[in-house]
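The values are calculated or read from the model by the stated rules, or taken from the named source; none is laboratory data. Predicted model only: the values in this text are computed from it and were never measured. Here the Cβ is made from the backbone with ideal geometry for all residues, glycine too, and neighbour counts use every protein chain on show. Ligands, DNA and RNA are stripped out before the accessible areas are found, and what is left, the full protein with its side chains, is counted by its heavy atoms. Shrake-Rupley method; radii C 1.70, N 1.55, O 1.52, S 1.80 Å.
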Amino acid sequence: MADAVDRILDQWRSERPDVDVWPMGVIGRLNRLSRILDRELKEFFSGHGLEHWEFDVLATLRRSGPPYELTAGALNRAAMVTSGAITNRIDRLSARGLVERVPDEEDRRSVRVRLTDGGRALVDEVVGLHVANEVRLLGALAPDDRDRLADLLRGLLESLGDTSID
């Protein structure tokens, strides 16, 4: 079965047969898939009163284990955004009562971001539904294909320097 990317590749092969355009097939599909997944996830999270980034911050704190807190720097590394952006995100989540800033007991110059009881309840309510939504989104893939795709994507990410697990 052909898709929109196949049509683009065919056009390039016709116009520039001297250029091997195979990378466009992979990158083009990854870009298209990224846009579709972003749209689907935005719709899902908005149905639960959240932005995708809000869930990401709450989930990062929740999976860190008790007392469900991290430094702003650790959140920044996990979110891969600027320090200004993470500060803004923390401010917005704090205003909603989902996180709170607490002094770091080991370093008085530092502040930790802690999940509130309300934030924990919200992320716990949404995470199972989120996983079910992701199962739906990947439903066209057989289990062996899902595992292979995850392995291939992991290898590509590692080759491009994305090895951080913070």
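Yes or no, residue by residue, for (1) touching a Phe, Trp or Tyr at 6+ places or on another chain (Cβ under 7 Å); (2) at pLDDT 95 or above; (3) farther than 23 Å from PHE44 by Cβ:
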| position | (1), (2), (3) |
| --- | --- |
| ASP107 | no, no, yes |
| VAL111 | no, no, yes |
| LEU115 | yes, yes, no |
| ALA121 | no, yes, no |
| ASP124 | no, yes, no |
| ASN133 | yes, yes, no |
| GLY139 | no, yes, no |
| ARG148 | no, yes, yes |
| LEU157 | no, no, yes |
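Taking the criterion of being within 30 Å of ILE27 (Cβ to Cβ), free of Cβ contacts under 8 Å to residues at least 40 places away in the same chain and loosely packed, with under 15 Cβ neighbours inside 10 Å, would at least one residue in segment 85-101 satisfy it? Quick ask: steps written out before the conclusion?
Pass one, segment 85-101, residues within 30 Å of ILE27 (Cβ to Cβ): 85-86, 89.
Next, only the ones that are free of Cβ contacts under 8 Å to residues at least 40 places away in the same chain stay: 85-86, 89.
Narrowing the set further to residues that are loosely packed, with under 15 Cβ neighbours inside 10 Å leaves 85.
Yes, segment 85-101 contains at least one residue that is within 30 Å of ILE27 (Cβ to Cβ), free of Cβ contacts under 8 Å to residues at least 40 places away in the same chain and loosely packed, with under 15 Cβ neighbours inside 10 Å.
Each row is one residue, and each column tells you yes or no for (1) more than 24 Å from ILE36 (Cβ to Cβ); (2) surrounded by 15 or more Cβ atoms within 10 Å (Cβ to Cβ).
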position	(1), (2)
ASN76	yes, yes
ASP104	yes, no
ARG120	yes, yes
GLY128	no, no
ALA132	no, no
GLY155	no, no
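Name every residue in segment 62-100 that is assigned to a helix (DSSP H, G or I), over 19 Å from HIS52 (Cβ atoms) and polar (S, T, N, Q), in order of residue number.
SER83
In segment 1-47, how many are open to solvent by 60 Å² or more (accessible area, probe 1.4 Å) and modelled with pLDDT of 95 or more?
We begin by selecting, within segment 1-47, every residue open to solvent by 60 Å² or more (accessible area, probe 1.4 Å); these are 1-3, 7-8, 10-20, 22, 24, 26-27, 29-33, 35-36, 38-39, 42-43, 46-47.
Now narrow it down to the ones that are modelled with pLDDT of 95 or more: 7-8, 10-20, 22, 24, 26-27, 29-33, 35-36, 38-39, 42-43, 46-47.
Summing the residues that are open to solvent by 60 Å² or more (accessible area, probe 1.4 Å) and modelled with pLDDT of 95 or more in segment 1-47 gives 30.
With the condition kept exactly as written, say whether any residue in segment 56-74 is over 17 Å from the mean Cα position of the chain (by Cα) and open to solvent by 70 Å² or more (accessible area, probe 1.4 Å). Full working, then the answer.
Within segment 56-74, the first condition is being over 17 Å from the mean Cα position of the chain (by Cα), and the residues that meet it are 65-73.
When the remaining residues are screened for being open to solvent by 70 Å² or more (accessible area, probe 1.4 Å), the result is 66-67.
Yes, that holds for at least one residue.
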